[in-house]
Amino acid sequence: MTTMTDPALSPRSSGPAPLAAATGVGLRRWLASSLTQHDHFSAYFEPLIQLFLPHWSTAGWRARVLEVRTELEDVYSLVLRPAKGWAGFQAGQYVEISAEQDGRRVSRIFSISSSPAYFARTGLIELTIRVQDQGRITPWLRQHFAGGGLVTLSAAQGDFIASEGSAPLLLIAGGSGITPFRSLLQQLQREGSARPVQLLYFARHAQHFLFREEFDRLLLDMPQFSLTLLNNEDHGFISAEHIREYCPDFSARDIMICGPTPMIQAARAVLS
């Protein structure tokens, strides 16, 4: 089984709906959008209401940013405490976070990089974010929330989750595509799982691998876990030779792939 994800970042779109389609609820939404550039009047008044009720939101759950932790020069993690009522997640899922930037709500989608067990124990989640070249939002989030603050959090979404059972896993990650696999590996460790897991982790350079020390600890704690680090400078792009050498029994494993689109496409072609 091959499962893949491409966690692209996409801003929320907005704009008035055509008047011809506006009836009932549609009419209210059209009026709100035409007058306020929001889908609902409550969203327009949300900033005012939040002066008195900071955790109130029309679009999801408020979450407090407790820490912005540097992982690499161009990668950081947001440590968030979601408000009560947020339902949690499964390892591999993602959330949409929204915040006000210069009076405009901006939204982005990120995989959760911490485990469900960590959330159950602490009430916290982590989103590990790579700063996009010439990006407007990813650099701003790091700077703006360095001292803390509140964002709006969606419910967890997505079906990029490991299959049930004990079938061996092959995880193929590229760059920051490691984040949902970190969540999964943390969860397997916490559960005391004996499920065999082989992780092939590709990065541009040797210094671009995330969570190295954490994975080294997992290797000690999880004898069924194997890790291979492959950087493009020394090993080239993903190839059939990599699969045959480092995971010769790949055809007997459930396979999950996460990373940049070119890597996902190349991995699928190699595996097929």
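The values are calculated or read from the model by the stated rules, or taken from the named source; none is laboratory data. Just so it is clear, the model here is predicted, and its values are computed rather than measured. Quick reminder, even Gly has a Cβ in these numbers, built from the backbone with ideal geometry, and neighbours come from all protein chains shown. Keep in mind that these areas ignore ligands, DNA and RNA; they rest on the heavy atoms of the full protein, side chains included. Shrake-Rupley method; radii C 1.70, N 1.55, O 1.52, S 1.80 Å.
Quick look at the values:
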| item | result |
| --- | --- |
| Residue within segment 73-92 that is closer than 20 Å to PHE209 by Cβ and open to solvent by 20 Å² or more (accessible area, probe 1.4 Å) present | yes |
| Condition met for THR58 (part of a loop (DSSP other than H, G, I, E, B), open to solvent by 30 Å² or more (accessible area, probe 1.4 Å), of a type in the set (Val, Ile, Thr) and at pLDDT 50 or above) | yes |
| Helices (runs of 4 or more DSSP H) wholly inside segment 194-272 that include at least 3 residues being closer than 26 Å to SER115 by Cβ | 212-221, 261-271 |
| Segment 115-131, subset under 15 Å from the mean Cα position of the chain (by Cα) and assigned to a loop (DSSP other than H, G, I, E, B), residue surrounded by the fewest Cβ atoms within 10 Å (Cβ to Cβ) | LEU124 |
| Output for segment 213-259, where each listed residue is surrounded by fewer than 16 Cβ atoms within 10 Å (Cβ to Cβ), closer than 24 Å to ASP159 by Cα and under 25 Å from the mean Cα position of the chain (by Cα) | none |
| ARG136 vs. criteria assigned to a strand (DSSP E or B) and charged (D, E, K, R) | no |
| Only listed residue being touching an Asp or Glu at 6+ places or on another chain (Cβ under 9 Å), under 17 Å from MET256 (Cα atoms), crowded, with 20+ Cβ neighbours inside 10 Å and small (Gly, Ala, Ser), chosen from SER163, SER183, SER176 | SER183 |
| Residues (polar (S, T, N, Q) and crowded, with 18+ Cβ neighbours inside 10 Å) located in segment 99-114 | SER107, SER111, SER113, SER114 |
| Tabulated pairs, segment 180-195, first without any contact (Cβ under 8 Å) to a residue 60 or more places away in the chain, second open to solvent by 20 Å² or more (accessible area, probe 1.4 Å) and of a type in the set (Ser, Thr, Tyr), C-beta under 6 angstrom, 6+ apart or interchain | ARG195/SER166 |
| Residue list for segment 130-187, filter: of a type in the set (Phe, Trp, Tyr) and touching a Leu at 6+ places or on another chain (Cβ under 6 Å) | PHE181 |
| Subset of segment 186-204 that is more than 24 Å from PHE89 (Cβ to Cβ) and within 22 Å of the chain's Cα centre (by Cα) - its residue that is surrounded by the fewest Cβ atoms within 10 Å (Cβ to Cβ) | ARG204 |
| Criterion: open to solvent by 20 Å² or more (accessible area, probe 1.4 Å), of a type outside the set (Gly, Ala, Ser) and without any contact (Cβ under 8 Å) to a residue 60 or more places away in the chain - qualifying residue of GLN134, GLN157 | GLN134 |
